[in-house]
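*Asks:* Take this structure, written in structure tokens, and hold onto it; I'll ask about it next.
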Amino acid sequence: MAKSIDVSDLNIYYGDFLAVEGVNMTIKARSVTAFIGPSGCGKSTFLRSLNRMHEVIPGARVEGKIVVDGQSLYDPAIDPVAVRRQIGMVFQRPNPFPTMSIYDNVLAGNRLNSKRMKKSEADSIVEKSLRGANLWNEVKDRLGKPGMGLSGGQQQRLCIARAIAVEPQVLLMDEPCSALDPISTSAIEDLIHELKSEYTIVIVTHNMQQAARVSDDTGFFNLKAAGQPGHLVEFNATKKMFSNPDEPSTEAYISGRFG
Amino acid sequence: MSTLQAPQAPGPSALHASLARPRLPRWAPAGLGLIVIGLAALLLVLGVGFGGSVALGALTYLVLLPTWSAVVEGSRAAVDRLVTSLVWGAFAVAMIPLVWLLWTAIDRGSSTINLEFLTFEMRNVIGDMQGGIYHALIGTLLVTLTAAVISVPIGVFTAIYVVEYGKKNRLSRLVTFLVDVMTGIPSIVAGLFALALFVLLVDPAYRSGFAGSVALSLLMIPTVVRSTEEMLRLVPEDLREASYALGVPKWRTITKVVLPTAFGGIVTGVVLAVSRVIGETAPLLIVAGVADSVNTNVFSERMQTLPVFIYYQYGLATDKGRAYAWGGALVLILLVMLLNLGARVIGRIFAPKKG
Ligand SMILES: Nc1ncnc2c1ncn2[C@@H]1O[C@H](COP(=O)(O)OP(=O)(O)OP(=O)(O)O)[C@@H](O)[C@H]1O
Ligand SMILES: [Mg+2]
């Protein structure tokens with residue numbers, strides 16, 4: 001069951017530093033939502049606040065409301081661990097576990113939570129996840145080898161496989177393709193298309209074509225000025241964003257003319 | 001707008017000339033070293049003192065090699081040669097005491113060591129009768145092992161608190177400060193503290209291996225905390241986040257991701273801490289006492305340890321006593337080496353692997 005996410009008046013802080021200000025949006029269930037915007041405008045920060053990863057950083061906090069399927073994410077009664085089991089994440093930089101083999105990395109979400117499963121079941125999860133991340137053919141003969149021995153792009157696909165292996169309801173992807181070649185990128189995009197029928201997907205990207213290709217809705221974040229907090233400039237259906245956006249600054253950014 | 005001009009493209013010959021540099025032959029540093037050693041030997045024969053010849057030789061080398069290099073290779077290479085020579089020199093100077101010490105211990109100790117020396121105790125051994133260090137060896141192993149059993153959990157858990165939970169709050173900074181202070185405690189003070197503790201708790205004549213272990217763990221804990229802390233801090237934050245993002249609770253993240261990643265380093269740190277205390281004499285002399293025979297119960301009776309054995313035998317001021325002291329010293333050194341080798345092997349086995 002996929003989930004929709006309602007964000008209202010969200011302010012995100014690192015200590016006293018207000019990084020993102022006043023975000024309102026609705027992320028629809030079973031759709032792909034893309035975030036675009038210049039570097040440092042708070043896309044990653046906002047994404048991390050959606051599965052309570054933001055508070056992992058000392059001093060980081062969030063004001064405002066995020067409601068996932070009727071449940072307020074930042075309610076004191078909510079267990080962040082349970083949230084993260086439902087809302088998975090792929091990070092900007094690949095981060096496979098160095099002590100684990102490729103096989104164990106894919107199963108990390110299950111194994112680390114001590115979920116018991118049969119060997120055959122585990123094998124099929126590994127194969128399915130690695131195929132999903134377009135990595136199966138490259139690693140099927142060396143599943144027992146360390147995950148750190150893969151190339152950067154392969155590591156990133158391993159991290160994607162690891163995230164989808166636990167079948168989260170929502171998948172947050174922070175520039176998942178920034179280290180990938182065009183073939184893997186298109187495999188990931190295909191995967192996103194497939195997953196979208198069951199999951200809610202949120203993706204940050206610097207690649208306009210990618211945003212246009214894969215997403216249903218697009219949010220454009222920007223900084224008012226250097227040192228100012230980032231904010232959501234426009235949130236609209238992707239088709240409209242890329243044909244006639246409401247805001248002139250969106251059009252300027254998308255077409256490559258700034259300011 | 002800009003006043004930059006396109007740089008003139010150098011011709012192929014200009015490029016060639018700018019990259020190639022005359023170099024000294026590869027054997028230059030070593031060859032010159034040999035020549036200088038020969039010169040120093042000559043000086044020694046001529047009656048200049050040992051220190052004088054070595055100093056003159058080193059100085060000559062440090063002047064000759066850079067000068068030669070400056071003439072042939074230019075000033076940058078000359079500075080490089082000078083600094084390289086200085087670094088090698090510092091390395092050699094640092095190695096001298098180490099090799100010397102090892103050699104002395106082997107030279108004086110190896111003739112004493114034999115099967116009897118390793119398996120006999122000293123009870124009823126008088127005059128020239130064959131005695132041994134068996135009791136001291138057992139004592140050292142038991143006391144050190146007990147000290148490790150006490151300090152490793154305390155040290156590792158403290159480090160986990162400071163790095164994973166403390167996050168620079170007051171308490172964790174206080175702990176770090178206290179640990180730093182503890183690092184500087186003189187070992188004799190630790191011994192006196194353990195003595196006072198057990199005198200208060202048990203009875204004034206209480207001596208045991210366990211009291212020695214407590215004293216040693218006072219010295220070990222700060223080292224274990226410090227090294228474990230460093231190792232835990234080396235684990236990238238990315239890995240913790242990757243684990244949290246999979247819905248893994250914090251304690252599982254620590255036990256299954258952070259600790260395994262840092263395991264090799266933690267083991268090395270623990271072994272270094274053990275090596276540091278295994279040769280402690282003063283506290284053991286005070287609280288574990290001196291004994292002639294094997295005692296395998298750490299909780300009662302005096303217990304002999306290798307350093308105390310060495311101290312005691314040397315204090316006898318007999319030829320046999322001195323020989324036994326050196327024999328014991330050599331065994332102690334070998335023990336520490338063995339420990340370090342073991343730590344390396346364990347560290348290698350558990351280190352995160354690539355490829
Ligand atoms: N751990 C942190 N502590 C303090 N400030 C941070 C931290 N991480 C990010 N910031 C700040 O928050 C702001 C938003 O950063 P964020 O990483 O969200 O940008 P981004 O939009 O993802 O950029 P990019 O496209 O380069 O990934 C920046 O000003 C950044 O300096
Ligand atoms: Mg980012």
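*Asks:* Please list, or write none, the lysines whose alpha carbon is within less than 16 Å of the alpha carbon of residue A:118, excluding same-chain residues fewer than 8 places away.
*Replies:* A:128
*Asks:* What accessible area, in Å² to the nearest ten, does a 1.4 Å probe give for residue B:24?
*Replies:* Answer for residue B:24: close to 10 Å² accessible.
*Asks:* Something else now. Return the whole-Å distance between the Cα centroid of region A:38-80 and the Cα centroid of region B:188-214.
*Replies:* 54
*Asks:* Under 25 °C and 0.890 mPa s, how fast does chain A diffuse according to Stokes-Einstein, given a Kirkwood radius computed over C-alpha pairs? Answer in µm²/s, whole number. Don't skip to the answer; put the middle values down first.
*Replies:* Values: Rh = 18.9 Å.
Rounded to a whole number, D works out at 130 µm²/s.
*Asks:* Which value in deg cm²/dmol, rounded to the nearest 500, describes the helix-derived mean residue ellipticity at 222 nm for chain A, given -39,500 (n - 2.57) per DSSP H run of n ≥ 4 and division by the residue count? Write out the running numbers ahead of the final one.
*Replies:* Working: 10 runs with 90 residues, N = 259.
Mean residue ellipticity, 222 nm, calculated: -10000 deg cm²/dmol.
*Asks:* Given a 1.4 angstrom probe, what's the average accessible area per residue across region B:77-190, in square angstrom? All intermediate terms of the calculation are to be shown ahead of the outcome.
*Replies:* Numbers: 7000 Å² over 114 residues.
Accessible surface, normalised per residue, equals 61 Å².
*Asks:* So how exposed is residue B:126, as accessible area in Å² (1.4 Å probe, rounded to 10)?
*Replies:* 120
*Asks:* Along Cα→Cβ, 7 Å out, is where each label goes; now give me the distance between the ones at residue B:234 and residue A:55 in nm to one decimal.
*Replies:* My value for the distance between the label points is 3.3 nm.
*Asks:* Within chain B, what whole-number % of the accessible surface is contributed by carbon and sulfur, with the 1.4 Å probe and all protein chains included in the calculation?
*Replies:* Working: 14430 of 20160 Å².
Within chain B, the accessible surface is 72 percent carbon and sulfur.
*Asks:* Run down the lysines and flag those whose C-alpha is under 17 Å from the C-alpha of residue A:145, throwing out any fewer than 8 positions away in its chain.
*Replies:* B:353, B:354
*Asks:* Another question about this same structure. At the nearest 100 Å², what buried accessible area, both sides summed, do you get for B and A when the probe is 1.4 Å?
*Replies:* Details: alone 21290 and 12140 Å², together 31250 Å².
Buried area between the two chains comes out at roughly 2200 Å².
*Asks:* Treating only the Cα positions of the protein assembly as shown as identical point scatterers, give the base-10 log of I(q)/I(0) from the Debye formula at each q in 0.07, 0.08, 0.09, 0.11 Å⁻¹.
*Replies:* Results for the protein assembly as shown at q = 0.07, 0.08, 0.09, 0.11 Å⁻¹ read -0.73, -0.86, -0.96, -1.08.
*Asks:* Just report the Cα centroid separation between region A:196-227 and region B:265-291, whole Å.
*Replies:* Cα centroid to Cα centroid, the span is 60 Å.
*Asks:* Nearest 20 debye, what's the magnitude of the dipole of chain A about its Cα centre given +1 on Lys and Arg Cβ and -1 on Asp and Glu Cβ?
*Replies:* Numbers: 29 positive and 29 negative charges, 163 e Å.
Dipole of chain A, to the nearest 20 debye: 780 debye.
*Asks:* Right, here's the next one. Round to the nearest 10 and report in Å² the accessible area of residue B:275, as given by a 1.4 Å probe over the protein chains' heavy atoms.
*Replies:* Accessible area, nearest 10 Å²: 30 Å².
*Asks:* Can you pull the percent of Cα pairs in chain B with separation above 33 Å? Let's see the in-between values first.
*Replies:* Working: 34320 of 62835 pairs.
Value for chain B (Cα pairs over 33 Å): 55 percent.
*Asks:* So what's the angle, to the nearest 10 degrees on a 0 to 90 scale, between helix B:259-278 and the longest Cα principal axis of chain B?
*Replies:* In chain B, helix B:259-278 runs at an angle near 70 degrees to the longest axis.
*Asks:* Shifting gears a bit: Could you grab the Rg to Rh ratio for region B:27-108? Cα atoms only, Kirkwood for Rh.
*Replies:* On the way: Rg = 15.0 Å, Rh = 14.1 Å.
On the Cα set of region B:27-108, Rg over Rh gives 1.07.
*Asks:* Hey, got the average number of other protein chain Cβ atoms within 10 angstrom for residues in B:250-257? Provide the component values of the computation, followed by the final result.
*Replies:* Working: counts 3, 0, 4, 2, 0, 1, 8, 6.
The mean count of partner-chain Cβ atoms within 10 Å per residue comes to 3.
*Asks:* For region A:113-207, max minus min Cα coordinate along each principal axis, in Å, sorted largest first?
*Replies:* Ordered largest first, region A:113-207 gives principal extents of 40, 29, 20 Å.
*Asks:* Let's test the formula: R0 of 25 Å, r as the Cβ-Cβ distance of residue B:103 and residue B:34. What FRET efficiency results, to the nearest 0.05?
*Replies:* Details: r = 23 Å, r/R0 = 0.93.
Calculated transfer efficiency: 0.60.
*Asks:* Students often forget the sequence filter, so: which lysines lie under 17 Å Cα-Cα from residue A:240 once same-chain residues fewer than 8 apart are removed?
*Replies:* A:28
*Asks:* Shifting gears a bit: What does the structure give for A:89-98 when I average, per residue, the other chain Cβ atoms found within 10 Å of the residue Cβ? If you can, show how the numbers build up before the last one.
*Replies:* Working: counts 5, 2, 4, 1, 3, 2, 9, 3, 8, 10.
Mean partner-chain Cβ count within 10 Å for A:89-98: 5.
*Asks:* Moving on to the next point. What ranking of B:324, B:61, B:161 comes out by heavy-atom accessible area, probe 1.4 Å, highest first?
*Replies:* Working: B:324 15, B:61 45, B:161 75 Å².
Per-residue accessible area, sorted high to low, gives B:161, B:61, B:324.
*Asks:* In addition: Mind giving me the FRET efficiency for residue B:351 and residue B:322? R0 is 56 Å, r the Cβ-Cβ distance, nearest 0.05 is fine. Can you show the working numbers first?
*Replies:* Values: r = 43 Å, r/R0 = 0.77.
FRET efficiency, residue B:351 to residue B:322: 0.85.
*Asks:* Structure shown: which of A:119/A:140; A:65/B:168; B:167/B:250; A:43/A:65 lie over 19 Å apart, alpha-carbon to alpha-carbon?
*Replies:* On the way: A:119/A:140 16 Å; A:65/B:168 29 Å; B:167/B:250 14 Å; A:43/A:65 17 Å.
In this structure, A:65/B:168 lie more than 19 Å apart at Cα.
The values are calculated or read from the model by the stated rules, or taken from the named source; none is laboratory data. Treat the numbers as computed from the prediction; the structure is a model and nothing was measured. So basically every Cβ, Gly included, is an ideal-geometry build from the backbone, and we count neighbours across all protein chains shown. What goes into the accessible areas is simple: the full protein's heavy atoms, side chains included, and nothing from ligands, DNA or RNA. Shrake-Rupley method; radii C 1.70, N 1.55, O 1.52, S 1.80 Å.
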